[in-house]
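Notes follow the structure.
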Amino acid sequence: MNYISTRGNYPPVQAAEAIRLGMVPEGGLFVPGEVPQLSFEEINKHKHADYQELATWILGYFLEDFSGQELEEAVTTAYHSSNFPVEGVTPLVRLGDNTYILELWHGPTAAFKDMALQLMPELLVRAVKKSGIDREVVILVATSGDTGKAALEGFKGVDGIRIIVFYPEAGVSQIQEDQMITTGGNNTEVVAVRGNFDDCQTAVKGVFGDRDFNRTLKQNGYQFSSANSINWGRLVPQIVYYFAAYLNLLEAGKIEERQLIDIVVPTGNFGNILAGYYASRMGLPVNKFICASNENKVLTDFLRTGVYDIKRDFKKTISPSMDILISSNLERFLFEVTGHDSQKIRYWYNQLREQGGFEIDSGTLKEIQSLFVGEFARETEVKQIIKTTFEQYNYLVDPHTGVGLSCLQSLRKARLSDRITVVDSTANPFKFGRAVLEALTGEVQEGDDYLILERLQEFTGWELHRGLAGLRTASPRHSRNCRPTGVPAEIEDILGL
Ligand SMILES: *Cc1c(COP(=O)(O)O)cnc(C)c1O
């Protein structure tokens, strides 16, 4: 299978090369040249497969230049029970008649990013070997909090790879920051950037696209790659759990064969929901994807009106991993729904750069609305649903999952959704313990994040996720910081360029 650029500015490459490069060197993102088509019979055959078998099967369609054995080894390492100590890797929990929570946070860092980032380093190491290029890979990550730690955990100690993580100094929680700056391994670096996530991401993207910088890098025996969801290697593992969820429902007799379901995805960079879209394009029976946003509702407005407009205030919410105005993977999605029209993509993304927004044509909007619904949740609604979910079902959700549930509730009230619905749960509630406890008690909580975790355990009787235990006493190992404009200099310093 070939991978092509969304901007039509690069020759087709194989999967390994797309993963090694991260993004298209001239700008643009790699997407599969065509989406594999599966019959329902073929999907149904895997009803009793375990998660590892499902992953090897699905990845095989997209990563044709990897051998079956390579994929099996990578998948077995990534989704081993020591990384995901839970039956089925991504269990479904039933909340009321039609709602199923898909718990994607059983990995080492308590966020769903582990689903991709435990596997991606395995793929990247093999991709680099295939390329025959003997340069050390430098992974640059811009993170709004969760990606950073998940990437550090995935890449730490991996031979031939160095990883540098940039995070917005005031945009992550104390726990998220501690998770990152306490990471061991002699190939990891962490840098606090004095700006918000978009500043971070823009600065890192700028370095990726800087030819002179890339030349200097090559001369010094390095090459860049990316662990952000702009890298296909980050996206493709996420397609698997949509199949896993559907087949679990089928096996448990909760749905009939071929029954269409709705899927709610708390969305930031549009990676998770895009993976779901690919699953549906492959033949998974999905009625609607509900794209759930917090008060940074650029995507809600876009899906309703066709106007993508980032000229608005950036809001800090209790679901910080979704505090994003520029959703990188939307570009891939638009490329797909326009039937691979790279001319349109170039035009829209020029407008985005020059004018802070663009408007798609009505034909494309109609096409999108046939499968996607945009909804958003206000902060008060998110807090409310965290509380009522706990009271009604004795089930604890984090604020990102809360956004998803609140959006679903709004749609159900408006009678827009009554189907069996899977809601992606993207973080363990303790990862955002303060917001969760404040939502449950209705009171502002004093004290540091760790005290809050203790109180939340007492209040709920829930167990602390293992990735957060022991963090309090771990010593910091990273202390770098810079302004957004200082990102290139920081990389030079770290790599000794
Ligand atoms: C990253 C993240 C999201 C957003 O996922 P995207 O793939 O960027 O849309 C939602 N919730 C949590 C907890 C996250 O870490």
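Data overview
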{"read-out": "Residue within the stretch 465-475 that is in contact with a helix residue (DSSP H, G or I) (Cβ under 6 Å, 6 or more places away or on another chain) and more than 14 Å from the ligand (Cβ to nearest atom) present", "value": "yes"}
{"read-out": "Helices (runs of 4 or more DSSP H) wholly inside the stretch 31-128 that include at least 3 residues being at pLDDT 95 or above and surrounded by 19 or more Cβ atoms within 10 Å (Cβ to Cβ)", "value": "51-62, 68-78, 113-117"}
{"read-out": "Checklist (1) buried (at least 23 other Cβ atoms within 10 Å of the Cβ); (2) out of contact with any Asp or Glu (no Cβ under 8 Å at 6 or more places or on another chain); (3) assigned to a helix (DSSP H, G or I) applied to Met23, failing item", "value": "(3)"}
{"read-out": "Matching residues in the stretch 132-157 - criterion: being out of contact with any strand residue (DSSP E or B) (no Cβ under 9 Å at 6 or more places or on another chain) and more than 18 Å from Thr426 (Cα to Cα)", "value": "Gly132, Asp134"}
{"read-out": "Looking only at the stretch 257-274, and only at residues there that are within 12 Å of the ligand (Cβ to nearest atom) and polar (S, T, N, Q), the one that is farthest from Glu103 (Cα to Cα)", "value": "Asn269"}
{"read-out": "Criterion (in contact with a Leu (Cβ under 6 Å, 6 or more places away or on another chain) and within 16 Å of the ligand (Cβ to nearest atom)) met by exactly one of Val422, Val403, Val397", "value": "Val422"}
{"read-out": "Whichever residue in the stretch 297-311 is touching a helix residue (DSSP H, G or I) at 6+ places or on another chain (Cβ under 7 Å) and part of a loop (DSSP other than H, G, I, E, B) and, among such residues, is nearest to the ligand (Cβ to nearest atom)", "value": "Ile310"}
{"read-out": "Phe66 over 16 Å from Arg281 (Cβ atoms) and not hydroxyl-bearing (Ser, Thr, Tyr)", "value": "yes"}
{"read-out": "Checklist (1) surrounded by fewer than 17 Cβ atoms within 10 Å (Cβ to Cβ); (2) farther than 23 Å from Ser82 by Cα; (3) among the basic types (Lys, Arg) applied to Arg466, failing item", "value": "(2)"}
{"read-out": "Pairs, first farther than 30 Å from Gly145 by Cβ in the stretch 253-268, second away from the ligand (no atom under 13 Å from the Cβ), C-beta under 6 Å, six or more apart", "value": "Ile255/Leu249; Ile255/Ile420; Arg258/Phe40; Arg258/Pro285; Leu260/Pro285; Leu260/Asn287"}
{"read-out": "Extreme residue, modelled with the highest pLDDT, among residues of the stretch 151-169 that are surrounded by fewer than 19 Cβ atoms within 10 Å (Cβ to Cβ) and closer than 27 Å to Ala127 by Cα", "value": "Lys156"}
{"read-out": "Per-region count, the stretch 317-355, residues closer than 30 Å to Val382 by Cβ, in a loop (DSSP other than H, G, I, E, B) and of a type outside the set (Ser, Thr, Tyr)", "value": "6"}
{"read-out": "Condition check for Leu140: at negative phi and in a helix (DSSP H, G or I)", "value": "no"}
{"read-out": "Helices (runs of 4 or more DSSP H) (entirely within the stretch 414-497) containing at least 2 residues that are polar (S, T, N, Q)", "value": "449-460"}
{"read-out": "Which listed residue is in contact with a helix residue (DSSP H, G or I) (Cβ under 6 Å, 6 or more places away or on another chain) and either charged (D, E, K, R) or at pLDDT below 95 (or both), from Lys383, Lys413, Lys431", "value": "Lys383"}
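Per-residue answers, yes or no, for (1) among the charged types (D, E, K, R); (2) closer than 30 Å to Gly154 by Cα:
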| position | (1), (2) |
| --- | --- |
| Tyr393 | no, no |
| Ile420 | no, no |
| Ala439 | no, no |
| Glu458 | yes, no |
| Pro484 | no, yes |
| Ile491 | no, yes |
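The values are calculated or read from the model by the stated rules, or taken from the named source; none is laboratory data. Fair warning: this is a prediction, and the values are worked out from it, not measured in the lab. Because the Cβ atoms are built from the backbone with ideal geometry, glycine has one as well, and the counts that use them run over all protein chains shown.
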